[in-house]
1. Dipole magnitude of region 239-316 about its Cα centre, charges +1 at Lys/Arg Cβ and -1 at Asp/Glu Cβ only, in debye to the nearest 20?
2. Please tell me the relative contact order of the chain in percent, rounded to the nearest whole number, where contacts are Cα pairs under 8 Å and at least six residues apart.
3. On each of the three principal axes of the Cα atoms of the chain, give max minus min coordinate, whole Å, ordered largest first.
4. If you take the alpha carbon radius of gyration of region 137-294 and divide it by 2.2 N^0.38 Å, what ratio comes out, to two decimals?
5. Once you have the Cα-Cα distance between residue 170 and residue 208, take 0.36 nm times their residue separation minus that, and quote the gain in nm to one decimal.
6. I'd like to know which of 98, 194, 247 lies farthest towards the positive end of the charge dipole of the chain, counting +1 on Cβ of Lys and Arg and -1 on Cβ of Asp and Glu.
7. Give the separation of the Cα centroids, region 202-218 to region 73-151, in Å.
8. Compute, for region 137-294, the length of the dipole vector about the Cα centre, with Cβ point charges of +1 (Lys, Arg) and -1 (Asp, Glu) only. Units Debye, rounded to 20.
Amino acid sequence: MTETSTLTVRSVCPDRTPEWQTFVETHPDATVFHTAEWLHAIETVFGYEPRHVLLTDGGTVRALVPGFVVFEGFGWSVLNPFCEYGFPLIGEGTMDAAVLSALQRTDDTRVVKDVSWSGVSGYTTTDFGGVPTGSSIRLSIDRSFTVLWETVFDKDVRRCVRTARDHGVSVTDGTVDEFYPLYLETMRRLGSPQFPERFFASLADAFRESVAILLARHDGEPIAGVFLFEWGDATIIWTPASKRTHWDYRPNHLLYLEAIERACQANRSVVDFGRSRRGSSVHGFKAQFGGVGYPLMSFVTPPHRAGRASLDGYGRLSAVTPYLAPVITNPSVGTRLKRFIHE
């Protein structure tokens, strides 16, 4: 087992560090949010200062942790923004506690976004503070699509899919240019600052075949869409968008169904529906597809700054922000605000 004292912490640029890319590609728990492509797109579009680290022992990579220096409202922290997962990738034979303790030597306030399935443990014993941030629902693709449709999906899914098809809704591949107006309309409805269009374009260009944009169309008009990562053995439904005027046609059910069927056809292991808050309508929608919920936690060092990782403030503002949407999502305001709202 590798001990704390033998680990060297080295700041790196992932897209210029072959060891980073190799470690991510071969680690069983790596996500798209650990990749050099994801990290490069964030740095390029948002201009955050990178603080990604490799932990090595005698020249051998033992672990890596992504992170950027971002403003949290009360100070600067290091975290992986705009995603659920920023946990360390730790190699076999290396103690989790050794990696977490080594992170504490960097003198940063570091927020580590983790989830129970990552397998990383030892945050409490190494004096990290923890804050719950919701849950992610993941559907295991361990049977055929037909079996999922008949025995796993809730009956309301089947009913809503039939409704969509009866109204003539169909799903096709789409482009960033087609998806972005749907996304912007969704952000205005929620009163939430928007990503700039070039962020989606940058991700689509970087990941190529590992990104898919699906559009639900009615009479040829896009009425809903999803931005998917199809990377490794997982499909992640990262950003959904829709027109409220067409919700009765149930396009979102049809889009999620298509994403799951694609995952089955590609022999992926899991479809990840992303974060939601238990008890919310969004969580209820995702749960209809029969996945398992996993608690999401953000662990913070030093522990007295754990409050920086809390999302409670966003929840309290959600009742007010729709009324401020014209200002919050103004093209000259929203994309700038997004740099500071990186839940």
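No value in this document is a laboratory result; all are computed from the given coordinates. From a predicted model like this one, the values you see are computed outputs, not experimental measurements. Positions of Cβ are generated from backbone atoms using ideal geometry, with glycine treated the same way; all protein chains shown enter the neighbour counts.
1. Details: 12 positive and 5 negative charges, 62 e Å.
For this selection, approximately 300 debye.
2. On the way: 656 pairs, mean separation 78.2, N = 343.
This gives 23 percent for the chain.
3. Result, largest extent first: 64, 47, 36 Å.
4. On the way: Rg = 14.8 Å, N = 158, 2.2 N^0.38 = 15.1 Å.
Scaled against compact globular proteins, the figure is 0.98.
5. Working: separation 38, 0.36 × 38 = 13.68 nm, distance 2.33 nm.
Once the chain is fully extended between residue 170 and residue 208, it gains 11.3 nm.
6. Farthest along the dipole direction, towards plus: 247.
7. Region 202-218 and region 73-151 have Cα centres separated by 26 Å.
8. Working: 21 positive and 20 negative charges, 136 e Å.
Roughly 660 debye for region 137-294.
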